[in-house]
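Remarks on the structure that follows.
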Amino acid sequence: MAEKEEDVKLLGFWASPFSRRVEMALKLKGVPYEYLEQDIVNKSPLLLQLNPVYKKVPVLVHKGKVLSESHVILEYIDQIWKNNPILPQDPYEKAMALFWAKFVDEQVGPVAFRSLAKAENGIEVAIKEAQELFMFLEKEVTGKDFFGGKTIGFLDLVAGSMIPFCLARGWEGMGIDMIPEEKFPELNRWIKNLKEIEIVRECIPPREKQIEHMKKVVERIKSA
């Protein structure tokens, strides 16, 4: 009965951190949903119909209302289902969570993976540039169990889906130790805390399968 009342569908892709973070949020809130796996190369008519602007996953459908873009979806989920809040109530803390989440997706992701994949001779320079970005996150999580404080929050979902369970598998495939524990003890402690959260573990892509997928992504970037 609850499932019919909620009527939630999620179009996603198993290896997409953007899809995974939305699934984590739905599980955190205890929202029943139907998951529809998508082919991101040969895009389904349903995906093109529901997201004609970006033609990408994730797409959330709730009672006939369609939303795309993971940050927008996460905010919507948090406002509709009030239990287990994801975003801080304090306006400044909320703004900072949104700021750092945008930083992860628009700065860290491209520099720490795409730039590395493109770097032929200047790999050490690319690693240094990426580590400078990670140092901001290292400082941000210092002294806290999660970016959200004592409990997992918006930035944890965004950074968690992107860094340890996506980018790190890409680095592993390239033979790069990007965030060694001796240099980033706080980030590594945060990753260990994340792995203890059941809803996070349920949404993590299979490691070996993800590494192979990321190797193919690297090849596509290099040949582009």
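Conditions (1) out of contact with any Leu (no Cβ under 9 Å at 6 or more places or on another chain); (2) part of a helix (DSSP H, G or I); (3) buried (at least 20 other Cβ atoms within 10 Å of the Cβ); (4) touching a residue at least 24 places away in the same chain (Cβ under 8 Å), marked per residue:
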residue	(1), (2), (3), (4)
Val104	no, yes, yes, yes
Gln107	no, yes, no, yes
Ser115	yes, yes, no, no
Glu140	no, yes, no, yes
Val158	no, yes, yes, yes
Met162	yes, yes, yes, yes
Cys166	yes, yes, yes, yes
Verdict on Asn193 being touching a strand residue (DSSP E or B) at 6+ places or on another chain (Cβ under 8 Å), polar (S, T, N, Q) and part of a helix (DSSP H, G or I): yes
Spans of helices (runs of 4 or more DSSP H) in the stretch 8-82 with at least 1 residues closer than 18 Å to Val200 by Cβ: 17-29, 70-80
Some residue of the stretch 99-107 being in contact with a Phe, Trp or Tyr (Cβ under 6 Å, 6 or more places away or on another chain), farther than 27 Å from Gly173 by Cβ and modelled with pLDDT of 95 or more: no
Filter result (of a type in the set (Lys, Arg) and under 22 Å from Pro17 (Cα atoms)) within the stretch 83-135: Lys94, Lys102, Arg114, Lys118
Checking Tyr35 against (1) touching a Gly at 6+ places or on another chain (Cβ under 7 Å); (2) open to solvent by less than 30 Å² (accessible area, probe 1.4 Å), the condition it does not meet: (2)
Which listed residue is closer than 17 Å to Asp105 by Cβ, basic (Lys, Arg), out of contact with any strand residue (DSSP E or B) (no Cβ under 6 Å at 6 or more places or on another chain) and surrounded by 13 or more Cβ atoms within 10 Å (Cβ to Cβ), from Lys29, Lys56: Lys56
Number of positions in the stretch 117-132 that are open to solvent by 30 Å² or more (accessible area, probe 1.4 Å) and within 19 Å of the chain's Cα centre (by Cα): 0
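The values are calculated or read from the model by the stated rules, or taken from the named source; none is laboratory data. Quick caveat, the model's predicted, so the values are computed rather than measured. We place every Cβ from the backbone using ideal geometry, glycine too, and count neighbours over all the protein chains shown. Each accessible area value is taken on the protein alone, full model and side chains, heavy atoms only, with ligands, DNA and RNA left out. Shrake-Rupley method; radii C 1.70, N 1.55, O 1.52, S 1.80 Å.
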